[in-house]
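Reviewing the structure listed below.
The values are calculated or read from the model by the stated rules, or taken from the named source; none is laboratory data. Computed from a predicted structure; not experimentally measured. Glycine gets a Cβ as well: all are built from the backbone with ideal geometry, and neighbour counts include every protein chain shown.
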Amino acid sequence: MCCTDMALAYVEAHASWGAANTKPSLGRDHSAFVAVAPDGSARAEFAVEGVRCAACMKAIERGLAPMPGVASARLNFSDRRLAVTWTREAEPDVPAILAALEMLGYTAQPFAPGGLADAEAAETKRLIQALAVAGFASMNVMLLAISVWAGNISDMSPENRDLFHWIQAVIVLPAAAYAGRPFYEGAVRGLRAGRVTMDFPITLGVVLTLVMSVVESLSGATHAYFDGAVMLLFFLLIGRVLDQAMRQRTRAFAENLAALRCERATLAGPDGGLRDVPLAELAPGARILVRPGERVPADGLVENGTSDLDQSLVTGETAAVAVRGGDRVFAGALNGSGALTVRVTAAAGASLLDEVEGLMRRALEARSRALVLADRATRLYVPFVHAGAALTFVGWLAAGAGWHAALLDAVAVLIVTCPCALGLAIPAVQVVAAGALFREGVLLNDGTALERFAQVDTVVFDKTGTLTLPEPTLSGGRYAPAALESAARLALSSRHPMSAALVAAAGPAEPFPGAQEAAGLGVRAVVGGVELRLGSARFCGAEAEAAAAVAADPEASVICFRAGDGAPAAFPVRQGLRPDAAEVVAGLAALGHRVLILSGDRAASVEAVARRLGIAEWEAGLTPQDKIARIEALERAGRRVLMVGDGLNDAPALAAAHASLSPVTAAHVSQAAAHALFLGRSLAPVLSVLAAGRRARRLMLQNLWFSAVYNVLAVPLAATGCLTPLIAALAMSGSSLAVTANALRARLATMPAPVPAAHRPTAPAPVAGTS
Amino acid sequence: MNVLLLVIPIALGLGLLGLLAFLWALRSGQYDDLEGAEYRVLHDD
């Protein structure tokens, strides 16, 4: 990636942006992040990184509270977000808050208010309110219902019983109307779309039970089933709330990560001014500046400047690609040596991104046809229950029992089979398993992910960024410690992505005062009268050493160092394997999984990685279509494929595979396509998700079987007219408790291997330069 | 059995009070940060 011949062009492109390149950050436009309340006080939310304990919380809140204009600062420990409100008179000063947090040692990014997250939070709140109402109603109704059950076998007078039934009706009818809304709405939505969802039998059961109970109370019968209806809603709402809370938590965390990755772009105004804006504000036609060491924030055409781009996140290809005016660049590419001005283009025709998105859409449509357990259970359950109720009704009529008795027993069948246990069987397992995975640093993107992971028998890896680490590392070898240390200290003053590898290899160091980055060439500093240089081979006069290093390791890029007229040193930098890649691959093989590498990179580098990991099946130089074709061929051969990849070029393959996993550093499109994301440098989450998936599926199946057996036992009781409210209540709560208790077993360790560092997000790949 | 007419409304009223208190707490954001609340208890101020 040392492209000395581009130096001149870089300097040219750079001259007008000199100020931008020397200043670490620009005056940012933060107004988009501040929401103003009706009373005039402003409020902003921040995602904060590095909060681990109660002391952090205290330090942040105490540190921000005395700032001028700040009315309150409150850190939400559950989702690591800080809410700051300013007093009415004060001007909201977001940069001051960020600076104060920086002083305290925390990285933070402001959040745009509103949007999807707020809608999710509102939905959670609505479900919890419904749950509270259902809980209140079922407790109080039980109080009365148990009195009736006891009274029926002792000396309760019919007048008192009727009174108790009517009090129950007064409590339950409004409560069921309110608490059952999520189900009623779901049933109507489903029917409109021409589908019978699980909400339909629930709605039917609740409504029929209530109508029947009112009719029975009117006729002064000994039994009413108000308690059954409201208890059913209570248990089912527990399932819904758990499900919703899990999703909301994962989503909040994913949003924090996205915010902390600081997805911003430097907008170049028509007057030459520069402004730092959130990515969402970029419109097609905008002119942006991409400095060395930054990722290209959006697709576009290069207007000015030349540079070398690391497109590994886009194509999987690790060798740098030279770009100049008129070339197309893709979001996610890492800019190497030169500043570029890019005109943002809307996605339009025949670009790689369009192609990838088209392929992905098709693959996703194919994927959604696969049925998951919950759907299959619904498909079996709905006709079974409705046929059972109809048969009961017809049977009793045929036996000459009369309309009233026959209807009563048919409704009893609907009540007793109402999917209390079924409604909890799958969400409870999912919540518990997702919580366990969350603690291991895996975020599930999709409710069906666990079941999909359970069925996997073939694992396909992408190479770049997946088996290897996304950031370059200094390849092994012996270097003079003094040279390495000086080189690393120089590297601290550079924005070039490769210099981060040196910094990481040398450990903590201070940059040299007065170090200057000579555009496109390298960094220079004069220390004790000796000029130190770090950069391209030509800049350091180290062509011979660089050539030797490349000959020894053809995959590596070389960064050179020279002190004065001393002997130059060449540091080969390459993408290193993830630390536990070999063990994970061996572990997968030991479990009997077939392991493949499908990469877009050159054959030589793929082969080297495959050999080191002991993977026999690999293919290189694949386009996104090739990857899809390989995966579809595997699926046709009856394999269930787990695709692990991060690049834009992997996105269609991720969508096509039965299950998919991405590191959290992946390209946007890939993150959206993957079933789960994992944090950190370790590859062990691949093993964890497979183990957790198998365990979860086993527990879900157990729960479903339990519910089925329970229904098989309960239906004859109801159909023969032996179902009293007492039996219905016992059966309902008993089966719900049983499946919930069983689901808790998913919490047990999902894998024997040491658990990777908890759910703290790892910092995104450090970009060179701390200046 | 007339005492029932007194006791049942009292029981329901108390239950309703609890429900309203919960809904109020939910609306005022007291359930937004369950993990943080357990640490805040230990703060001095």
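Before moving on, here are some points about what is shown:
- Test set (1) within 11 Å of chain B (Cβ to nearest Cβ); (2) assigned to a helix (DSSP H, G or I); (3) crowded, with 16+ Cβ neighbours inside 10 Å - residue A:204 fails condition number: (1)
- The numbered conditions (1) under 26 Å from the mean Cα position of the chain (by Cα); (2) surrounded by 15 or more Cβ atoms within 10 Å (Cβ to Cβ) are all true for residue A:151 except (1).
- Residue in the stretch A:669-687 that is among the hydrophobic types (A, V, I, L, M, F, W, C), assigned to a helix (DSSP H, G or I) and at pLDDT 85 or above present: yes
- Check on residue A:661, at pLDDT 90 or above and outside any helix (DSSP H, G or I): yes
- Whichever residue in the stretch B:14-43 is at the interface with another protein chain (Cβ under 9 Å from one of its Cβ atoms) and in a loop (DSSP other than H, G, I, E, B) and, among such residues, is nearest to residue A:121 (Cα to Cα): B:32
- You will find that of A:437, A:450, A:467, A:443, the residue that is within 16 Å of the chain's Cα centre (by Cα), modelled with pLDDT of 80 or more and within 30 Å of residue A:311 (Cα to Cα) is A:443 and no other.
For (1) more than 26 Å from the chain's Cα centre (by Cα); (2) surrounded by 21 or more Cβ atoms within 10 Å (Cβ to Cβ); (3) of a type outside the set (S, T, N, Q), each residue gets a yes or a no:
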residue	(1), (2), (3)
A:670	no, yes, no
A:677	no, yes, yes
A:690	no, yes, yes
A:693	no, yes, yes
A:702	yes, no, no
A:720	yes, no, no
A:724	yes, no, no
A:733	yes, no, no
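- Qualifying residue in the stretch A:125-134 (condition: among the charged types (D, E, K, R), farther than 30 Å from residue A:247 by Cβ and either surrounded by 19 or more Cβ atoms within 10 Å (Cβ to Cβ) or within 14 Å of another protein chain (Cβ to nearest Cβ) (or both)): no
- Within the stretch A:43-100, the set of residues being under 16 Å from residue B:34 (Cα atoms), touching a helix residue (DSSP H, G or I) at 6+ places or on another chain (Cβ under 9 Å) and exposed (fewer than 14 other Cβ atoms within 10 Å of the Cβ) comprises A:53 only.
- Residues (within 11 Å of chain B (Cβ to nearest Cβ) and within 26 Å of residue A:382 (Cα to Cα)) located in the stretch A:163-177: A:175
- Scanning the stretch A:141-162 for residues that are farther than 19 Å from residue A:730 by Cβ and either of a type outside the set (Ser, Thr, Tyr) or within 9 Å of chain B (Cβ to nearest Cβ) (or both) turns up A:155, A:156, A:157, A:158, A:159, A:160, A:161, A:162.
- Top-ranked residue in the stretch A:718-766 [being aliphatic (A, V, I, L, M) and in contact with a Lys or Arg (Cβ under 7 Å, 6 or more places away or on another chain); ranked as modelled with the highest pLDDT]: A:746
- In the stretch A:66-91, the residues that are within 14 Å of chain B (Cβ to nearest Cβ) and at negative phi reach residues that are assigned to a loop (DSSP other than H, G, I, E, B) and crowded, with 16+ Cβ neighbours inside 10 Å with C-beta atoms within less than 6 angstrom, at least six apart or across chains, in these pairs: A:76/B:33; A:77/B:33; A:78/B:33; A:85/A:41.
- Qualifying residue in the stretch A:540-557 (condition: part of a strand (DSSP E or B) and either surrounded by fewer than 16 Cβ atoms within 10 Å (Cβ to Cβ) or in the same structural domain as residue A:522 (by TED's automatic domain parsing) (or both)): yes
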